[in-house]
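To start, the structure itself, in structure tokens.
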């Protein structure tokens with residue numbers, strides 16, 4: 001009877017791990033695709049129309065209320081970016097499940113998940129306000145008080161929330177890196193990608209803040225978005241391979257258990 005119960009527990013654990021691997025595989029791919037789509041759309045449809053990077057003939061200036069002509073093109077990238085921020089949380093959950101097998105690494109993945117949740121909460125709220133509040137308000141001419149929330153304001157609320165959201169994502173990257181081992185080559189590469197991206201995401205804020213001070217505007221926002229999104233594209237591809245391999249190992253283990261029983 002005890003042997004039967006033990007086999008049932010083992011089978012349940014194997015089935016659960018297999019499902020986690022499948023979820024991790026598809027979430028990795030989905031996150032990478034969402035980040036890539038957001039990056040491509042942002043580069044091709046939403047050029048800088050104000051602030052330090054604006055090189056257009058007619059840049060938008062304060063109070064940024066004449067931006068209705070750019071709706072919805074300048075906001076299209078926020079849809080995949082919104083999805084990406086949520087997928088990142090699921091991805092870190094899958095990584096946490098993997099890291100939970102090691103007590104030493106479990107604490108790092110738990111911290112990574114905490115920062116991922118903070119990042120997603122900030123970014124998702126920020127994007128939803130732009131899509132559900134700013135777009136219709138601009139189109140209907142209800143522009144009073146919108147300048148501080150406008151994405152065209154180089155030192156507005158939108159930019160600040162983008163920066164803190166992606167900064168928290170960058171911090172999460174550091175602890176994700178620590179949740180992976182060094183023995184397997186693939187894990188070492190994943191660890192390197194997340195670790196380097198975290199250093200760049202946090203370090204660029206320090207460098208740019210020292211260089212520009214109160215004139216930082218959206219320089220850091222652009223830098224950290226590019227860093228985080230490229231990191232998710234690359235790591236998403238690597239993690240899909242990682243979870244695919246993990247699924248194969250689990251399947252082989254299940255077959256061995258089935259043969260023994």
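The values are calculated or read from the model by the stated rules, or taken from the named source; none is laboratory data. Everything numeric here is computed off the predicted structure, so don't read it as measured data. With ideal geometry, Cβ positions are generated from the backbone for all residues, glycine too; neighbour counts draw on all protein chains shown.
Just one of (1) part of a loop (DSSP other than H, G, I, E, B); (2) surrounded by 14 or more Cβ atoms within 10 Å (Cβ to Cβ); (3) in contact (Cβ under 8 Å) with a residue 12 or more places away in the chain fails for residue 54. It is (3). Considering only residues in the stretch 153-172 that are in contact with a helix residue (DSSP H, G or I) (Cβ under 9 Å, 6 or more places away or on another chain) and not in a helix (DSSP H, G or I), the one that is farthest from residue 201 (Cα to Cα) turns out to be 153.
Within the stretch 106-133, the residues that satisfy the criterion of being surrounded by 22 or more Cβ atoms within 10 Å (Cβ to Cβ) and either within 19 Å of residue 81 (Cα to Cα) or without any contact (Cβ under 8 Å) to a residue 24 or more places away in the chain (or both) are 116, 119, 120, 123, 126, 127. Does residue 64 qualify as being under 30 Å from residue 234 (Cβ atoms) and touching a residue at least 40 places away in the same chain (Cβ under 8 Å)? Answer is no for this residue.
Run down 99, 67 and say which single residue is in contact with a helix residue (DSSP H, G or I) (Cβ under 8 Å, 6 or more places away or on another chain), buried (at least 18 other Cβ atoms within 10 Å of the Cβ), modelled with pLDDT under 95 and closer than 18 Å to residue 150 by Cβ.
67
If you check residue 60 against the conditions, is it within 25 Å of residue 216 (Cα to Cα), at pLDDT below 95 and buried (at least 18 other Cβ atoms within 10 Å of the Cβ)? So residue 60 passes the test. Just one of the numbered conditions (1) modelled with pLDDT under 95; (2) exposed (fewer than 15 other Cβ atoms within 10 Å of the Cβ) is not true of residue 143: (2). Taking the criterion of being under 24 Å from residue 20 (Cβ atoms) and more than 19 Å from the chain's Cα centre (by Cα), the residues of the stretch 194-252 that qualify are 244, 245, 246, 247, 248, 249, 250, 251, 252.
Based on what the data block shows, is residue 150 over 23 Å from residue 137 (Cβ atoms) and either surrounded by 19 or more Cβ atoms within 10 Å (Cβ to Cβ) or in contact with a helix residue (DSSP H, G or I) (Cβ under 7 Å, 6 or more places away or on another chain) (or both)? Spelling it out, it is not the case that residue 150 is over 23 Å from residue 137 (Cβ atoms) and either surrounded by 19 or more Cβ atoms within 10 Å (Cβ to Cβ) or in contact with a helix residue (DSSP H, G or I) (Cβ under 7 Å, 6 or more places away or on another chain) (or both). Checking each residue in the stretch 173-201 for being closer than 15 Å to residue 236 by Cβ and in a loop (DSSP other than H, G, I, E, B) picks out only 180. Here residue 127 clears all of (1) assigned to a helix (DSSP H, G or I); (2) closer than 17 Å to residue 220 by Cα except the condition numbered (2).
Scanning the stretch 20-51 for residues that are touching a helix residue (DSSP H, G or I) at 6+ places or on another chain (Cβ under 9 Å) and in a loop (DSSP other than H, G, I, E, B) gives 46, 47, 48, 49, 51. A search for C-beta distances below 9 Å between a residue of the stretch 203-217 that is over 16 Å from residue 52 (Cα atoms) and any residue that is at pLDDT 95 or above and not in a helix (DSSP H, G or I), counting only pairs 6+ apart in sequence or on different chains, returns 205/216.
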